[in-house]
Amino acid sequence: MAAEEQPNSAGESSPRNMTGFLYDEIYLRHLADQAGHPERPERLMAIVSGLEKAGLLRSLYRITPRKATEEQLTLVHDPSYLALVQREAGNLQGFRTLSTGDTVVSEDSLEVACWAAGGVLTAVDAVMSGQVRNAFAAVRPPGHHATENRGMGFCIFNNVAIAARYLQKVHGIQRVLIVDWDYHHGNGTQDTFYDDDSVFYFSTHHYGAYPGTGSAVETGSGQGEETTLNVPLPVGASDALILQAFETKLVPAARKFSPQFILVSAGFDAMRHDLLGRFNVTPDGFAAITRVVRNLADELCQGRLVSVLEGGYRLEGLAESVVAHIKVLLEASVANQ
Ligand SMILES: [Zn+2]
């Protein structure tokens, strides 16, 4: 499906009111293990097939990714970390774990990670240029655990953090809100912006699960004091509980911060019966929290929102949750025609 095949004739949605979908088969080429690693290519195949079955693919504006440059990766990552990844994952045969943490890489992982980071930048460009109103980026490997100098937790480069810096540097955006609903805390994203008041980081997660960060007392430091907001939730957290966190904590904080762009670290391992998570969020719950964030984008930043896949490991639940998520992103498109 190419962009020119999208419904864009008179009487149908104009691109400005559409939702973009960023995906490419390149993202299937990162293999994290030979035998049953949860972060596997089948995750994206399940998402695409779920969108197809739900009849949503034809309503989405397909965005073709590009590869991130070294300059773009170093908006967040230390050049010495890039060199480490190139050393350990470049010209690799078979599998190995990055020396910085529990991230298995294979022959094409470095290349795919560059396309994942670059893909999110492409989605950001599509929103900023008015090609689409908002977008979902189905990329892997995920990114929110990767810090400036450390790949960990299945993450090589921090796709969302790079996008936030890119928005500021290339598009002149001053304030970016990052909303992270992955079951795990996005330590890499928090670290990147911990003392920076130009990027607000909001996260719901299970504090105590991997990677062990994300307590409510972590609120930022220096200039960035009060621009990190962690809302730990207990095991079994329901749709109602996560929605309450979004309505009572995120909404007032976002209004106060007044972002010009919203990035979502959409981790669907907060779903019921996930292989790596112990929350109880259903597709309806993901739809409800998406609606809160989409409404904030509409209210505060002309609808500008890019959502990026992080975790989510039970294939059927992942597909259903992404479908529910994208349906709400599309509602924004319809509402603003
Ligand atoms: Zn996760």
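Could you please find all residues in segment 253-268 being within 22 Å of Asn134 (Cβ to Cβ), of a type outside the set (A, V, I, L, M) and part of a helix (DSSP H, G or I)? Of everything in segment 253-268, those that are within 22 Å of Asn134 (Cβ to Cβ), of a type outside the set (A, V, I, L, M) and part of a helix (DSSP H, G or I) turn out to be Arg255, Phe257, Phe268.
Checked against (1) touching a Ser or Thr at 6+ places or on another chain (Cβ under 6 Å); (2) of a type outside the set (Lys, Arg); (3) part of a helix (DSSP H, G or I), Val231 meets all criteria but (3).
Which of the residues that make up segment 104-125 are farther than 16 Å from Val139 by Cα and surrounded by 24 or more Cβ atoms within 10 Å (Cβ to Cβ)? None - no residue of segment 104-125 is farther than 16 Å from Val139 by Cα and surrounded by 24 or more Cβ atoms within 10 Å (Cβ to Cβ), so the list stays empty. Looking at Arg272, Arg314, just one residue is touching an Asp or Glu at 6+ places or on another chain (Cβ under 6 Å), within 16 Å of the ligand (Cβ to nearest atom) and not acidic (Asp, Glu), and that residue is Arg314. Looking across segment 265-314, the residues that are under 17 Å from Asp239 (Cβ atoms), surrounded by 24 or more Cβ atoms within 10 Å (Cβ to Cβ) and out of contact with any helix residue (DSSP H, G or I) (no Cβ under 6 Å at 6 or more places or on another chain) come down to Ala266, Gly267, Asp269, Ala270, Val293. Only one of the listed residues (Gly311, Gly285) is of a type in the set (Gly, Ala, Ser) and under 17 Å from the mean Cα position of the chain (by Cα). That residue is Gly311.
If you go through segment 194-205 and keep only what is more than 8 Å from Thr228 (Cα to Cα) and touching a Gly at 6+ places or on another chain (Cβ under 7 Å), you end up with Asp195, Asp196, Asp197, Ser203, His205. Exactly one residue among Pro211, Pro283, Pro232 is within 16 Å of the ligand (Cβ to nearest atom), modelled with pLDDT of 95 or more, in contact with a His (Cβ under 9 Å, 6 or more places away or on another chain) and farther than 19 Å from Phe154 by Cα, and that residue is Pro232.
Pairs meeting the criteria (first residue in segment 262-283 and farther than 24 Å from Asp298 by Cβ, second residue more than 11 Å from the ligand (Cβ to nearest atom) and among the β-branched types (Val, Ile, Thr), beta carbons under 8 Å, at least 6 apart or on different chains) are Met271/Val281; Met271/Thr282; Arg272/Val281; Arg272/Thr282; Arg278/Val235; Phe279/Val235; Phe279/Ile242.
Pro211 satisfies every condition listed in (1) within 25 Å of Asn149 (Cα to Cα); (2) buried (at least 21 other Cβ atoms within 10 Å of the Cβ); (3) not small (Gly, Ala, Ser) except (2). Scan segment 128-165 for residues that are away from the ligand (no atom under 16 Å from the Cβ), more than 15 Å from the chain's Cα centre (by Cα) and surrounded by 24 or more Cβ atoms within 10 Å (Cβ to Cβ) and jot them down. Passing the criteria: Val132, Arg133.
So which of Thr64, Thr97, Thr122, Thr69 is polar (S, T, N, Q), over 25 Å from Ile326 (Cα atoms) and under 21 Å from the mean Cα position of the chain (by Cα)? Going through Thr64, Thr97, Thr122, Thr69 in turn, the sole match is Thr69. The set of residues from segment 220-269 being closer than 20 Å to Asp284 by Cβ and of a type in the set (Ser, Thr, Tyr) comprises Ser238, Thr248.
Filtering segment 101-113 to residues that are away from the ligand (no atom under 16 Å from the Cβ) and out of contact with any helix residue (DSSP H, G or I) (no Cβ under 7 Å at 6 or more places or on another chain) leaves Ser106, Glu107, Asp108, Glu111, Ala113.
Glu71 falls short on exactly one of the conditions (1) part of a helix (DSSP H, G or I); (2) at pLDDT below 95, and that condition is (2). Taking first residues from segment 45-64 that are loosely packed, with under 14 Cβ neighbours inside 10 Å and partners that are at pLDDT 95 or above and of a type outside the set (A, V, I, L, M), the Cβ contacts under 8 Å between residues at least 6 apart in sequence or on separate chains come to Thr64/Asp24; Thr64/Thr122. Considered as a group, the residues in segment 286-311 that are among the polar types (S, T, N, Q) and without any contact (Cβ under 8 Å) to a residue 40 or more places away in the chain include one that is nearest to the ligand (Cβ to nearest atom), and that residue is Thr290.
The values are calculated or read from the model by the stated rules, or taken from the named source; none is laboratory data. Since the structure is predicted, the reported quantities are computational estimates derived from the model, not experimental observations. Virtual Cβ from ideal backbone geometry, glycine too; neighbours counted across all protein chains shown.
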